[in-house]
Amino acid sequence: MSDASRISRQLSLCAVMETIVHSGPISRASVAKQTGLSKQTISEIARLLENGGWIRETGRTSGHVGRSAVTFEIVPDAACIAAVDLGGTKARAAIADLSCNVLAELVEPTDARGGVHVVRQIARMCRDVAHHNGIDFEKVRLAVVGVPGVPDPKTGRVLMAPNIADIDTFDVVAMLKQELDRDVFVENDVNLAVLGEHWIGNGAGIDDLAYIALGTGIGAGIMVGGELVRGSAHAAGELGFLPFGADPFEPESLHIGALERVTATNGIRERYRHLSGNDTDVPGIFDAASAGEATALTVIDETARLVARAVAAICAVTGPGRVVLGGSIGSREELVHRVQELAAQCFPRKIEIGVSALGTQAAIAGAAAVGLSHLHATLFSGGVPGAEIALPPPDVVRFSGAVV
């Protein structure tokens, strides 16, 4: 077969597979109508995909004039990916199938020892979430792991991750590959979250998008023109290091970041403790504010003011069409409303600010999107440029795995 014929064949295969993923169950005639390919070509490709175990007959069309036709759908669990969101306090692992549906999810407290213990925890959780839900782990072809720091592509270490001890001291990627015996992609967790929101969340279809996560830490995922912005050191979006909030010239600000020191969990608790003399967790502070306690209201107002400044800084540089707020603190309605009001006071153009539609699953959704794109390319593109399968639109995806 000539190169031209091979490329044409691969492009046709991807077109047929994409149509079945997006529209199945679907007949050959309907595939032909959507792709523009001949029925003979589709029959040959369908036979190839069926023999490979990637699609299956699912019935026959009904309600049409003339003979009924065989319909096909993807075999969703013919291959899967593991998606992981590693946070400073919680770790989530999920399994997603070829139809981009999350089959199951497992949540655990992050191993406080950090370092290699966390890597081993991630690997175990990937196997456990499959095992507990009857999923053959041999079908899991690769893993995508979101981390609360900056993955260094040269060394495999995770830098600027103060909430996970010792994760910057060794090659995390290599150890994960060894533990899982699979290909592994490691990405910043907030970058994955913005990809998830862009795919099936509150930023779906918006190619200039910013996602700000506020919880144990603070960070941003930024998309410009539909592409993720990473920067030369893969550290774009490290909002915690914006030079305001705390004194950016103090040594601690080089480790945690001036803004993160005062806006994330520890900073909010410390400010409340300083003003009230009482020590409580962040949900307790929000509860006190809801009850009208002046000190708690002051702390939340100060936090919202700082987040609004961060929103304005992003908008001044990248001009997103929407800013999505997420994270355990960032998605609180009390905070979001204040940020919306304050951002309008410190930036001359209207800023559209919304709340994450995916909540705690934003990074998992992004990891699934990255992993499934890689998996589809590996299985079906044959290395041909332009031969790829687009992820299905939000109304096709069932993103609700059983949490165990």
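Can you go through Thr89, Thr58 and tell me which one is β-branched (Val, Ile, Thr), touching a strand residue (DSSP E or B) at 6+ places or on another chain (Cβ under 8 Å), surrounded by fewer than 19 Cβ atoms within 10 Å (Cβ to Cβ) and more than 24 Å from Leu358 (Cβ to Cβ)?
Numbers: Thr89 fails: more than 24 Å from Leu358 (Cβ to Cβ).
Answer to the selection: Thr58.
Which residue pairs have Cβ atoms under 7 Å apart, sit 6 or more places apart or on different chains, and have a first residue in the range 77-92 that is in the same structural domain as Phe137 (by TED's automatic domain parsing) and among the charged types (D, E, K, R) and a second that is surrounded by 20 or more Cβ atoms within 10 Å (Cβ to Cβ) and not in a strand (DSSP E or B)?
From residues that are in the same structural domain as Phe137 (by TED's automatic domain parsing) and among the charged types (D, E, K, R), the pairs are Asp85/Asp189; Asp85/Ala363; Asp85/Ile364; Asp85/Ala367; Lys90/Thr110; Arg92/Ile364.
Quick one: would you say Ala246 is of a type outside the set (Val, Ile, Thr), within 24 Å of Gln340 (Cβ to Cβ) and modelled with pLDDT of 95 or more?
It is false that Ala246 is of a type outside the set (Val, Ile, Thr), within 24 Å of Gln340 (Cβ to Cβ) and modelled with pLDDT of 95 or more.
Do you know which residues across the range 281-294 are more than 19 Å from Gly245 (Cβ to Cβ) and surrounded by 15 or more Cβ atoms within 10 Å (Cβ to Cβ)? Steps first, answer last, please.
Quick first cut of the range 281-294, residues more than 19 Å from Gly245 (Cβ to Cβ) only: 281, 283-284, 286-294.
Within the range 281-294, Phe286, Ala288, Ala289, Glu293 qualify.
Residue pairs, Cβ under 7 Å, 6 or more apart or interchain, first in the range 372-392 and within 15 Å of Asp77 (Cα to Cα), second basic (Lys, Arg) and surrounded by 15 or more Cβ atoms within 10 Å (Cβ to Cβ). List them.
Partner pairs satisfying both residue conditions: Leu375/Arg141.
Failed condition for Thr71, given (1) in contact (Cβ under 8 Å) with a residue 40 or more places away in the chain; (2) farther than 18 Å from Ile389 by Cβ; (3) among the polar types (S, T, N, Q); (4) not in a strand (DSSP E or B), with all others met?
Of (1) in contact (Cβ under 8 Å) with a residue 40 or more places away in the chain; (2) farther than 18 Å from Ile389 by Cβ; (3) among the polar types (S, T, N, Q); (4) not in a strand (DSSP E or B), only one is false for Thr71: (4).
Could you list, in sequence order, the residues of the range 12-38 that are more than 14 Å from Trp54 (Cβ to Cβ), part of a helix (DSSP H, G or I) and touching an Asp or Glu at 6+ places or on another chain (Cβ under 7 Å)?
Scanning the range 12-38 gives no hits.
Out of all the residues in the range 359-382, is one or more in a strand (DSSP E or B), under 20 Å from the mean Cα position of the chain (by Cα) and over 29 Å from Leu13 (Cα atoms)?
Within the range 359-382, not a single residue is in a strand (DSSP E or B), under 20 Å from the mean Cα position of the chain (by Cα) and over 29 Å from Leu13 (Cα atoms).
The values are calculated or read from the model by the stated rules, or taken from the named source; none is laboratory data. For clarity, every value in this text was computed on a predicted model and none was experimentally measured. A quick note on method: Cβ atoms are made from the backbone with ideal geometry, for glycine too, and the neighbour counts reach across all protein chains shown.
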